[in-house]
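The block underneath contains the structure these notes are about, expressed in structure tokens.
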Amino acid sequence: QVQLVESGGGLVHPGGSLRLSCAASTPIFSTYTMAWHRQAPGKQRELVAQITSGGIANYADSVKGRFTISRDNAKRIAYLQMDSLMTENTAVYYCNADRKAAISRTTRSYWGQGTQVTVSS
């Protein structure tokens, strides 16, 4: 139903920056909670940052102060600005969209295909 397409990943040196983008197809984008998760090789997928439909942001402690999540509802895009990148930030980053359906009372979750972020010297 909801297509999510990530972009902006790539190779960057330690201390560098990247901005990830997540373009959503749904016309009711503004009602979704958007989030970024990541999965490093051999590790479990973890939540990196989340922003509610009301614009409230939350971050994993490991990225707080360095990463910033934002959204542009008019463009239907969620962003993750990543500054002061470190080698341990290397992972596949996934965009996620969640919405609680009022009628079914079921949370619908959608995921993008992921974009690779590699931090290396």
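The values are calculated or read from the model by the stated rules, or taken from the named source; none is laboratory data. In this text the structure is predicted, and so the values were computed from the model without any measurement. Cβ coordinates were reconstructed from backbone atoms using ideal geometry, including for glycine residues, and neighbour counts include every protein chain displayed. Note: accessible area is taken over every heavy atom of the protein model, side chains too, but ligands, DNA and RNA are not part of it. Shrake-Rupley method; radii C 1.70, N 1.55, O 1.52, S 1.80 Å.
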Condition test on Ser109, is it among the hydroxyl-bearing types (Ser, Thr, Tyr), assigned to a loop (DSSP other than H, G, I, E, B) and open to solvent by 50 Å² or more (accessible area, probe 1.4 Å)?
-> no
Filtering segment 1-20 down to residues that are among the aliphatic types (A, V, I, L, M) and surrounded by 13 or more Cβ atoms within 10 Å (Cβ to Cβ) yields Val2, Leu4, Val5, Val12, Leu18, Leu20
So, of the residues in segment 28-52 that are part of a loop (DSSP other than H, G, I, E, B), under 24 Å from Asn73 (Cβ atoms) and touching a residue at least 24 places away in the same chain (Cβ under 8 Å), which turns out to be least open to solvent (accessible area, probe 1.4 Å)?
-> Tyr32
Can you tell me which residue in segment 34-80 is nearest to the chain's Cα centre (by Cα), limited to those that are under 18 Å from Asp98 (Cα atoms) and hydroxyl-bearing (Ser, Thr, Tyr)?
-> Tyr79
Condition broken by Arg76, with the remaining ones in (1) in contact (Cβ under 8 Å) with a residue 40 or more places away in the chain; (2) open to solvent by 60 Å² or more (accessible area, probe 1.4 Å); (3) touching a strand residue (DSSP E or B) at 6+ places or on another chain (Cβ under 6 Å); (4) under 18 Å from Gly16 (Cβ atoms) satisfied = (4)
Do we have any residue at all in segment 53-68 that's in a strand (DSSP E or B), over 20 Å from Arg19 (Cβ atoms), basic (Lys, Arg) and open to solvent by 10 Å² or more (accessible area, probe 1.4 Å)?
-> no
